[in-house]
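The values are calculated or read from the model by the stated rules, or taken from the named source; none is laboratory data. Note that the structure is predicted; figures quoted are calculated from it, not measured. All Cβ positions, glycine included, derive from the backbone under ideal geometry; neighbour counts span all protein chains shown. Just so you know, the surface numbers come from the protein's heavy atoms only, side chains and all, with ligands and any DNA or RNA stripped out. Shrake-Rupley method; radii C 1.70, N 1.55, O 1.52, S 1.80 Å.
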Amino acid sequence: MTSLALFSLLYFLSVLTLTDSSLSSISTEPPPAASKCTLLNSFQPGFVVQGDYVIGGIFPLHYNLKMPVVNGTYRPPPINCNGHRLFLRAFRWAQTMRLAVEEINQNPVMLPNHTLGYKIFDSCRYPLTGQRAVLSMLNGVNEENSSMCTNASSLLAVIGASGSGQSIVVSRILQSFRIPMISYASSCACLSDRQKYPTFFRVIPSDDYQVKAIAQLLLHFNWTWVGLLRGDNDYGRFAAKGLLRELQETKVCLAYQEMIPLPYNHQAGLRIIKVMRSSTANVVVVFATAGDMTPFLRDYMTHNITGIQWVASEPLVTASVFSGREYYPYLGGAIGFGIKKGHISRLGDFLQTVNPKRYPDNVLVHELWESLYGCSPFPSSVTQMPPCSGQESLLEQNSAYMNTSSPRIAYNVYKAVYAIAHSLHNLLLCQPGRGPFQNNSCAQSNNIHPWQLQHYLQEVNFQIAGEEVDFDSKGDSVPYYDIINWQRGPQGNIEFVNVGLFDGTKAVGEKLLIQEDGIMWAGHQSEASCSHCVFTFIRCQLLKFCRLRWR
Ligand code: TRP
């Protein structure tokens, strides 16, 4: 008994001394490891080109994320998002960035005697992996090449990210280094807060405008009893909140509000379907991307639900993955606001140059081939795909990759790269003694700080294909949307037809322009659905009345 007590006492003392000595070593001199800069993980860029000034690009190139189990008992393996689910549309966006940089480098008038370089990373369509992308972009590939180990990053600006949740994370990291970023797709109104996101810019309108436009559309068609569906992300959350705010003082009532969970879960999906079925609301507003909708839509179609008039939000209303004829009975007639489309004259030709012969070592280009042709130019035991030459012709206009008929997000990417190039060009034109910085100084061309570029980005104003590009004080750009309606095409597939516009710069009452006779409604009818039928109308108004009184 005594020996046990003695042993415990000795053990207790030894633990204390150990703890004590380790504590004193922390407080006096740093452990040797702290002075050495070591990368804890390495994540490679998808495409890299060296240049005098390097910009980063973040795109959701894959979307089937496999999360490792994190239980704190072992070091988790890297997140695997490199399945064979290449997001072809985003791959095209990334190539558009490469094209824009190439064009600028070939242009003798723009940034003469200087070249732009880039590092393009995969965000895997998820905030956590977006964080990994931006950290890898800042860190470099290994310790030797990493300027972050010794001084400031050589990265001047970043194009990205896609989803708002990813941009929030990326912005929080980049702002510490005062590196500006331009998003081509993140539309959450929350990102207009300059205090929280001081280096954030975007070439897509804030959802503040989209929800105003949708509220006006609902009122225009007298749709006063509507359901609301949203994705499980910041975009869906904030957009739904914004729409509710816009509808507060109107006669429109919400019949229900549901969220498609991420990861998708069949049971939750069935519950939502039950709610939709039992509700008398046949107009449903949805704030989700095609990725959020895909698994839900599978269940929705299995249950053969028709007759819903969808009001589709911006990422969905131009989602070509749903344009097949099998979707028409379920989604036909949908209406919504799509961002402005543009024209990139060299895009089609440029996309054709991306093939495994030209990029034999690029894993992403191999995956592109596997996705497009179901075969592998360099077969391995992992892919188990039949072999092919790698010289197959990239002419399938229907594939999401080669679809260059009306680029919208790709056009945004293009604009964003040009915005950086114009800003950099103006920065380099600065005359010593007449510059915008301290004592009228200019930036030094061989040592430009990202915050100096941001100054020029804030002021930039240029024309691209006759369209003016600039940013307001919050980093936002012009609020303009096309109204798009999903109509049946000659082959029974869905076609996205322009039936109007919303111009946020116009006066109240003049913003929305709709060509009503050009619209095809759900169920292939040519008249608006019956959400304004007498019974639901009275019920809705009563509810609204009560809610307003008891507030
Ligand atoms: N607006 C969405 C967000 O902020 C992102 C988005 C817009 C998007 N258009 C898209 C994503 C098209 C994928 C495809 O999160």
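For the pair Gln131 and Asn439, what calculated FRET efficiency results from E = 1/(1 + (r/R0)^6), where r is the Cβ-Cβ distance and R0 = 45 Å, to the nearest 0.05?
Values: r = 38 Å, r/R0 = 0.85.
Efficiency, rounded to the nearest 0.05: 0.75.
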Quiz item: Accessible area of Tyr126, 1.4 Å probe, to the nearest 10 Å²?
Solution: 80 Å²
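Accessible area, 1.4 Å probe, largest first: how do Ser445, Ser323, Ser187, Ser405 sort?
Values: Ser445 60, Ser323 30, Ser187 5, Ser405 95 Å².
Final ranking, largest accessible area leading: Ser405, Ser445, Ser323, Ser187.
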Quiz item: Got a number for the accessible area of Asp292? Probe 1.4 Å, square angstrom, nearest 10.
Solution: 10 Å²
Practice problem: Determine the gain in length on full extension of the stretch Glu102-Asn362; use 0.36 nm per residue of separation and subtract their C-alpha separation, reporting nm with one decimal. | Solution: 91.8 nm
Quiz item: Roughly to the nearest percent, how much of the accessible area of the range 276-335 is carbon and sulfur, given a 1.4 Å probe?
Solution: 50 percent
Self-check item: Coordinate range along principal axes, alpha carbons of the range 174-287, Å, largest first
Solution: 52, 35, 19
Quiz item: Which entries of Lys474/Lys506; Lys241/Lys340; Lys251/Lys474 show an alpha-carbon separation above 22 angstrom in the structure shown?
Solution: Lys241/Lys340; Lys251/Lys474
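How much area per residue is accessible in the range 42-202 when the probe is 1.4 Å and only protein heavy atoms are counted (Å²)? List each step's numbers first, then the result.
Details: 6400 Å² over 161 residues.
Heavy-atom accessible area per residue stands at 40 Å².
Given a cut-off of 18 Å, what percent of all Cα-Cα pairs of the range 224-322 lie beyond it? Don't skip to the answer; put the middle values down first.
Working: 2116 of 4851 pairs.
Pairs farther apart than 18 Å: 44 percent.
Given 0.36 nm per residue, what is the gain on full extension from Tyr74 to Phe462 after removing their alpha carbon distance, in nm? Walk me through the numbers before you get to the answer.
Working: separation 388, 0.36 × 388 = 139.68 nm, distance 5.24 nm.
Full extension of this stretch gives 134.4 nm more.
Sort Ser183, Ser154 by accessible area with a 1.4 Å probe, largest first.
Details: Ser183 0, Ser154 75 Å².
Order by accessible area, largest first: Ser154, Ser183.
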Quiz item: How much length is gained if the chain between Leu39 and Glu495 is pulled fully straight, taking 0.36 nm per residue apart and subtracting their Cα-Cα distance, in nm to one decimal?
Solution: 159.3 nm
Quiz item: What nm distance separates the two modelled labels at Leu429 and Arg298, each placed 7 Å from Cα along Cα→Cβ?
Solution: 5.3 nm
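Quick one: net charge around Tyr256, please, counting Lys, Arg +1 and Asp, Glu -1 for every other residue with C-beta under 13 Å from its C-beta. Write down the numbers at each step before the final one.
Working: positive: Arg230, Arg271, Lys274, Arg277; negative: Glu258.
Counting the neighbours of Tyr256, the net charge comes to +3.
Order the peptides 165-177, 450-462 from the highest to the lowest mean number of other Cβ atoms within 10 Å of their residues. Present the calculation step by step, with values, prior to reporting the outcome.
Working: 165-177: 21.5, 450-462: 18.5.
In descending order of packing, they fall as 165-177, 450-462.
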Quiz item: Under a Cβ-Cβ cut-off of 9 Å, what is the net charge of the residues other than Phe337 that fall near it, where Lys and Arg count +1 and Asp and Glu count -1?
Solution: -2
Exercise. Would you please put 199-206, 256-263 in order of how densely packed they are, using the mean number of other Cβ atoms within 10 angstrom per residue and starting with the highest?
Key: 199-206, 256-263
Exercise. Kindly report the accessible area of the range 284-439 per residue (heavy atoms of protein chains, probe 1.4 Å, no ligands, DNA or RNA), in Å².
Key: 42 Å²
